[in-house]
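Quick notes on the structure that follows.
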Amino acid sequence: MASHWEDFYSQHLPPSDFEDNRTLLKEFCERHNNSGERIALITSGGTTVPLEHNTVRFVDNFSAGLRGAASAEYFLDHGYVVIFMFRLKSLEPFTRHFSGQKFMDMLELNDRGPNTTITVKPDSVDILAPILARYKVAQEGGRILYINFTTVQDYFWLLRAACECLAPCGSKALLYLAAAVSDFYIPSNEMPTHKIQSDGGPPIINLQLVPKLLAPLVNLWVPQAYVVSFKLETDENLLVSKARDALKKYKHKLVIANLLQTRRHKVTFVTIDDSFEISLTRDQTLSGIEIEDIIVSNVVLHHTDFIHCDQY
Ligand code: PAZ
């Protein structure tokens, strides 16, 4: 049995920087709600499940955070302001283009003693400049707020706080729940304080089901918002039926279903009475088109219809 969501909050403490994050969320939502803008809350990356309170080991998952980070850029391009709620150290909008050694390789060191300068190599300027320009507009215009989480517990606290701050935005708020959230966890009162020792033999780890937050999120926290959830499967035969089950159960509007193996070039949009596939051709992939560009354009159309229905 999954624990009830209210029990979860009463049994798990918020992260230590929770109040600071709540203040940032409140200020961001109020400012942009007053100016009538559309706000997208994007969750991105995987949550961890700690095995000890003083955490040495944890259960993690595959998510790189590319879906969320890329989508954030496209929502900004569509004029949305963005709350980017992401797993610390997963991919982030803009910097994702230069991860690893790529960034260092774009720079040139002009070593002239005390007058040393660093410049961008001429052939990298064309790559860096457009991304830097989009970054500056978002960052300096206060159009993106970064909030990070690590554990599933952090994620739950931050998600509820973000929803509470978004509620006054009504149908202008869009939730795009792309994070890979653990289905299992160890409740706080069952977790050892210190590092699990190997001299006691192989540990028996008893995981429990996490509560499903979509139910209170859709019905209580942001009842007027447009909610998009993602469904990941590895078995194609389950994909659309599981997505539709979620729509029936939680009564939100759209599930974007994807398979682990093909998620970079194929997704299925599932509504209660329809489903259609979006896939990239080989040529589109080779020319650098990202599936998130097409996903976000479609989601924006759905959101626009939703806002119009809300107004008339
Ligand atoms: O983070 P990523 O780009 O590697 O993968 C994206 C994704 C597969 C995590 C996302 O599209 C998704 O399906 N999120 C929901 C996963 C779930 O069913 O919990």
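Structural remarks
- Checking each residue in the range 137-171 for being in a strand (DSSP E or B) and either within 30 Å of residue 52 (Cα to Cα) or over 21 Å from the mean Cα position of the chain (by Cα) (or both) picks out 146, 147, 148, 149, 151.
- Among the residues of the range 184-194, some residue qualifies, meaning at least one is without any contact (Cβ under 8 Å) to a residue 60 or more places away in the chain, out of contact with any Lys or Arg (no Cβ under 9 Å at 6 or more places or on another chain) and either more than 27 Å from residue 39 (Cα to Cα) or of a type outside the set (Val, Ile, Thr) (or both).
- Restricting the range 252-272 to residues that are more than 13 Å from the ligand (Cβ to nearest atom) and either farther than 18 Å from residue 299 by Cβ or of a type in the set (Val, Ile, Thr) (or both) leaves a set whose member that is surrounded by the most Cβ atoms within 10 Å (Cβ to Cβ) is 271.
- The single condition among (1) in a helix (DSSP H, G or I); (2) within 30 Å of residue 7 (Cβ to Cβ); (3) within 14 Å of the ligand (Cβ to nearest atom) that residue 220 does not satisfy is (3).
- Residue list for the range 182-208, restricted to those being of a type in the set (A, V, I, L, M) and exposed (fewer than 10 other Cβ atoms within 10 Å of the Cβ): 204
- Of all residues assigned to the range 247-255, at least one qualifies as being closer than 24 Å to residue 64 by Cα and in contact (Cβ under 8 Å) with a residue 24 or more places away in the chain.
- Looking only at the range 283-298, residues that are without any contact (Cβ under 8 Å) to a residue 40 or more places away in the chain and not small (Gly, Ala, Ser) come to 8 in all.
- Top-ranked residue in the range 58-88 [being within 16 Å of the ligand (Cβ to nearest atom) and farther than 28 Å from residue 31 by Cβ; ranked as surrounded by the most Cβ atoms within 10 Å (Cβ to Cβ)]: 63
- Per the conditions (1) under 22 Å from the mean Cα position of the chain (by Cα); (2) within 16 Å of the ligand (Cβ to nearest atom); (3) of a type in the set (Gly, Ala, Ser), the sole criterion not satisfied by residue 241 is (1).
- When 162, 138, 173, 178 are checked against the criterion of being at pLDDT 95 or above, within 16 Å of the ligand (Cβ to nearest atom) and of a type in the set (Gly, Ala, Ser), 178 stands alone in meeting it.
- Residue 211 being at pLDDT 95 or above, exposed (fewer than 14 other Cβ atoms within 10 Å of the Cβ) and part of a loop (DSSP other than H, G, I, E, B): no
- Residue check for residue 195: in a loop (DSSP other than H, G, I, E, B), more than 16 Å from the ligand (Cβ to nearest atom), under 30 Å from residue 13 (Cβ atoms) and out of contact with any Gly (no Cβ under 9 Å at 6 or more places or on another chain): yes
- Filtered by the rule that a residue be among the hydroxyl-bearing types (Ser, Thr, Tyr) and either closer than 26 Å to residue 224 by Cβ or assigned to a loop (DSSP other than H, G, I, E, B) (or both), the range 269-312 gives 271, 275, 281, 287, 297, 304, 312.
The values are calculated or read from the model by the stated rules, or taken from the named source; none is laboratory data. Keep in mind the model is a prediction, meaning the values are calculated, not measured. Cβ sites come from the backbone with ideal geometry, for glycine too, and all protein chains shown count toward neighbours.
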